[in-house]
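The values are calculated or read from the model by the stated rules, or taken from the named source; none is laboratory data. Source: prediction; values computed, not measured. Every residue, glycine among them, receives a Cβ derived from its backbone with ideal geometry; neighbour counts consider all protein chains shown.
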Amino acid sequence: MTKIQMKTPLVEMDGDEMTRIIWKMIKDILLLPYIDLKTEYYDLGLEHREATKDQVTFDSAEATKKYGVAVKCATITPNAERVKEYNLTEMWKSPNGTIRAILDGTVFRTPILVKGITPFIPSWKKPITIARHAYGDVYKNTEMVVPADCKAELVVTDANGVETRSLIHDFKTPGIIQGLHNLDKSISSFARACFNFALDQKKDIWFATKDTISKKYDHRFKDIFNEIFEAEYKDKFKEAGIEYFYTLIDDAVARVVRSEGGYIWACKNYDGDVMSDMVATAFGSLAMMTSVLVSPDGVYEYEAAHGTVQRHYYKHLKGEKTSTNSMATLFAWTGALRKRGELDNLPELIDFADKLEKASIETIEDGVMTGDLAALSSLDNITKVDTEAFLTEIAKRLDKKMA
């Protein structure tokens, strides 16, 4: 069979632990037999990040800006234990956070739905996409422990040295304090990425904050979204037959639980972090959650929404078989290949991505699945398989579709 040709490389960001093992399996079993795969490779494994003093992460993000599409494996964000385990010279920052900041991107996470895995919320019939703002708030906070008999103030000093002060709290007893910030530029990029993605997906979009309580901070988000929508997107949404509306975060949660799904839910950074895990778990499994980082100027970076599956990796190192779900990592590859095909006008590449996704879903719906899904599935005659066997079963079905 003649392999599918590519015009432009994907930026390939390799990762850590069990997902790194799966990454190579996906390429060897499902991609390289069919595609003359062109990638610009960056090793974001923790050892190589240490060796390059994290420069490789910055280089991969700049390459993504150059080529427009990237696919990323899950990576370790080191804590104190990892610093010791990997003998690191520094507790390197999250690669995802670094890449998000460089691309000025918004993260969109969507569950993969299959028959036999019933959502815990019975009314959900269609995927719910979480759009998470990826800058600021608690993730770039400044915080202090405050002793008793202290006064805390918010102080802003302008370019001329003039101070504006506002009392936060007069501490009579010990306490804690936290300072958050965000930027109009980042919020505007978030809004445009959300509206562009909604038009691309032809889905309604909701946005929710708590502006009734946070009358300046959250209200700023609400105002910027509304201004950009009215000035740039209102007519486009009307033409596409989709809707944008704003509501309070508590009202949004109530609406989401009662809904049938099928829309994009835009959230501030922390809300998106929490709600994406809630939505993933309620639909079945975090291993069935896709994730794509989209910049306001149309750069895409695809990855899985889950981590490196550390526990399974240690079993793998002992020579034990694992039954690790590879669906989210696989869909990161198909998403990137499809987008590359769309940008380069390669219908064969788009068709391959579609067929590979269908083959993987059919495998699960035929009753062949990894252990996490076997524990959730309501199908009869389930066959639980190991990590490599699952990908081999997908390959059998893909072969028929590609014949």
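Scan ASP184, ASP170 and give me the residue that is touching a residue at least 12 places away in the same chain (Cβ under 8 Å), over 26 Å from the mean Cα position of the chain (by Cα) and over 16 Å from VAL294 (Cβ atoms).
Result of the check over ASP184, ASP170: ASP170.
Return yes or no: is LYS140 closer than 27 Å to CYS267 by Cβ, of a type outside the set (Gly, Ala, Ser) and modelled with pLDDT of 90 or more?
no
Within the bounds of segment 325-347, is there any residue that is among the acidic types (Asp, Glu) and within 27 Å of PHE197 (Cα to Cα)?
yes
Regarding segment 244-260, can at least one residue be identified that is more than 22 Å from PHE225 (Cβ to Cβ) and buried (at least 20 other Cβ atoms within 10 Å of the Cβ)?
no
Residue under question is THR8, and the condition is that it be in contact with a Leu (Cβ under 8 Å, 6 or more places away or on another chain), surrounded by fewer than 17 Cβ atoms within 10 Å (Cβ to Cβ) and of a type in the set (Ser, Thr, Tyr); does it hold?
yes
Exactly one of these conditions fails for PRO296: (1) crowded, with 19+ Cβ neighbours inside 10 Å; (2) assigned to a strand (DSSP E or B); (3) over 12 Å from the mean Cα position of the chain (by Cα); (4) not hydroxyl-bearing (Ser, Thr, Tyr). Give me its number.
(2)
I'd like to know if segment 261-270 contains one or more residues that are part of a helix (DSSP H, G or I) and surrounded by 18 or more Cβ atoms within 10 Å (Cβ to Cβ).
There is at least one residue in segment 261-270 that is part of a helix (DSSP H, G or I) and surrounded by 18 or more Cβ atoms within 10 Å (Cβ to Cβ).
When residues of segment 225-249 are filtered for being within 25 Å of the chain's Cα centre (by Cα), more than 22 Å from VAL274 (Cβ to Cβ) and not aromatic (Phe, Trp, Tyr), how many remain?
4
Within segment 156-176, how many residues turn out to be within 30 Å of ILE102 (Cβ to Cβ) and surrounded by 10 or more Cβ atoms within 10 Å (Cβ to Cβ)?
Selection size over segment 156-176: 1.
Which one of these does ARG165 not meet: (1) in the same structural domain as SER326 (by TED's automatic domain parsing); (2) among the basic types (Lys, Arg); (3) in a strand (DSSP E or B)?
If we test ARG165 against (1) in the same structural domain as SER326 (by TED's automatic domain parsing); (2) among the basic types (Lys, Arg); (3) in a strand (DSSP E or B), just (1) comes out false.
Look through segment 168-186, keep the residues that are in contact with a helix residue (DSSP H, G or I) (Cβ under 8 Å, 6 or more places away or on another chain) and part of a loop (DSSP other than H, G, I, E, B), and return whichever of them is nearest to VAL138 (Cα to Cα).
LEU180
Of all residues in segment 188-227 being among the basic types (Lys, Arg) and not in a helix (DSSP H, G or I), which is nearest to LEU248 (Cα to Cα)?
Per the criteria, the residue is LYS210.
I need every pair where a residue in segment 290-312 that is of a type outside the set (Gly, Ala, Ser) has its Cβ under 6 Å from the Cβ of a residue that is part of a loop (DSSP other than H, G, I, E, B) and buried (at least 21 other Cβ atoms within 10 Å of the Cβ), sequence separation at least 6 or different chains.
From residues that are of a type outside the set (Gly, Ala, Ser), the pairs are LEU293/GLY105; VAL294/GLY105; THR308/ASP16; THR308/ALA74; THR308/ILE76; VAL309/THR324; HIS312/THR324.
Check LYS210, LYS202 and return the single one that is within 26 Å of the chain's Cα centre (by Cα) and surrounded by 12 or more Cβ atoms within 10 Å (Cβ to Cβ).
Testing whether each residue is within 26 Å of the chain's Cα centre (by Cα) and surrounded by 12 or more Cβ atoms within 10 Å (Cβ to Cβ) leaves just LYS210.
Where in segment 40-150 are there helices (runs of 4 or more DSSP H), lying fully within it, with 3 or more residues that are surrounded by 13 or more Cβ atoms within 10 Å (Cβ to Cβ) and assigned by TED's automatic domain parsing to the domain that holds LEU376?
46-51, 55-67, 95-103
Within 24 Å of MET18 (Cα to Cα), under 17 Å from the mean Cα position of the chain (by Cα) and not in a loop (DSSP other than H, G, I, E, B): does that describe ALA353?
no
Report, by residue number, each residue of segment 305-322 that is in a loop (DSSP other than H, G, I, E, B) and crowded, with 19+ Cβ neighbours inside 10 Å.
Hits for segment 305-322 are ALA305, HIS306, THR308, VAL309, THR322.
Given the criterion touching a His at 6+ places or on another chain (Cβ under 7 Å) and in a helix (DSSP H, G or I), identify the matching residue among MET18, MET25.
When all the criteria are applied, what remains is MET18.
Please specify each residue of segment 274-290 satisfying the condition of being in a helix (DSSP H, G or I) and surrounded by 20 or more Cβ atoms within 10 Å (Cβ to Cβ).
MET275, SER276, VAL279, ALA280, PHE283, LEU286, ALA287, MET288 - these are the residues of segment 274-290 that are in a helix (DSSP H, G or I) and surrounded by 20 or more Cβ atoms within 10 Å (Cβ to Cβ).
Consider only pairs whose beta carbons are under 6 Å apart and that are at least six residues apart or on different chains; among these, list those whose first residue lies in segment 71-87 and is free of Cβ contacts under 8 Å to residues at least 24 places away in the same chain and whose second residue is part of a helix (DSSP H, G or I) and crowded, with 22+ Cβ neighbours inside 10 Å.
If the second residue must be part of a helix (DSSP H, G or I) and crowded, with 22+ Cβ neighbours inside 10 Å, no pairs are left.
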